[in-house]
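Encoded as structure tokens, the structure appears first; notes follow it.
The values are calculated or read from the model by the stated rules, or taken from the named source; none is laboratory data. Because the structure is a prediction, the values reported are computed rather than measured. Backbone-built Cβ (ideal geometry, glycine too); neighbour counts: all protein chains shown.
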Amino acid sequence: MSITLERITKRYNGQPVVNDVSLEVSEGEFFVLLGPSGSGKSTLLRAIAGLSDIDGGSIALHGQDVTQVGARERGVGFVFQNYALFRHLTVAENIEFALRVRRVKAAERRARRKELLKLVALEGFDGRLPGQLSGGQQQRVAVARALAHRPPVLLLDEPFGALDAKIREELRRTIRTVQRELGITTVLVTHDQEEAFAMAD
Ligand code: ADP
């Protein structure tokens, strides 16, 4: 199993928002968590990434228990609804960010960046700032950035939320293509039933 959650519970102010949830995601699977707003989907996703702590249960990635492991060491790729790109950094700098943090050499960073921009169909956009891109393009950069350090799993939290219908469709296809090409285990969170059925394995 690529992701194993066992009896995860998370409370806010004593109230459980995730209550005794267990699930397994296979290697290379595109898994979708579907539910209404406020049902605890993001909380669960953030728990997998190590971005929020849990009150009970355990989390394993590729068979390794990471319940007590910090977000940085889990190294999970994460894409949020609202782009969350660094506004003052170029596309190239955004994508290379996780590699720079990990002290990857410049030549290797550059090669990886070129590869990723090709993957998300944004070749030649290296020098742009996020403000000079459309919403859909920004989300594709966010996907490339999340994948840069070859994370063990990719987590997508309503990544299409802020986009109009046509761009959504395009980005869905890009994400699906990228996911298949890399064979990366992916969990997508959405409240949109149509989207869930369009994307999930
Ligand atoms: P979803 O992603 O399904 O919309 P969330 O996981 O974001 O749901 O939220 C689940 C519940 O937890 C909601 O009722 C929300 O208000 C609550 N919640 C989320 N984050 C916090 C927080 N930091 N403090 C208190 N309550 C929170």
remark   = Considering only helices (runs of 4 or more DSSP H) wholly within the range 135-201, the ones with at least 2 residues that are within 16 Å of the ligand (Cβ to nearest atom) and surrounded by fewer than 22 Cβ atoms within 10 Å (Cβ to Cβ) are 193-199
ask   = Do any residues in the range 40-64 that are farther than 19 Å from GLY14 by Cβ have Cβ atoms under 6 Å from those of residues that are aliphatic (A, V, I, L, M) and at pLDDT below 95, where the two are at least six apart or on different chains, and which pairs are they?
value = ALA49/ALA71; ALA49/VAL76; GLY50/ALA71; LEU51/ALA71
message = Can you tell me which condition LEU89 does not meet? The list is (1) surrounded by fewer than 17 Cβ atoms within 10 Å (Cβ to Cβ); (2) in contact (Cβ under 8 Å) with a residue 40 or more places away in the chain; (3) under 20 Å from LYS10 (Cβ atoms), and all the others hold.
response = (3)
note = For VAL91, the lone unmet condition from (1) under 27 Å from SER52 (Cβ atoms); (2) in contact with a Phe, Trp or Tyr (Cβ under 7 Å, 6 or more places away or on another chain) is (1)
request  = Kindly state which strands (runs of 3 or more DSSP E) lie completely within the range 27-126 and contain at least 1 residues that are within 16 Å of the ligand (Cβ to nearest atom) and modelled with pLDDT under 95.
outcome  = 77-79
message = Looking only at the range 1-26, filter to residues that are exposed (fewer than 13 other Cβ atoms within 10 Å of the Cβ) and not in a strand (DSSP E or B); which one of those is farthest from the ligand (Cβ to nearest atom)?
response = SER26
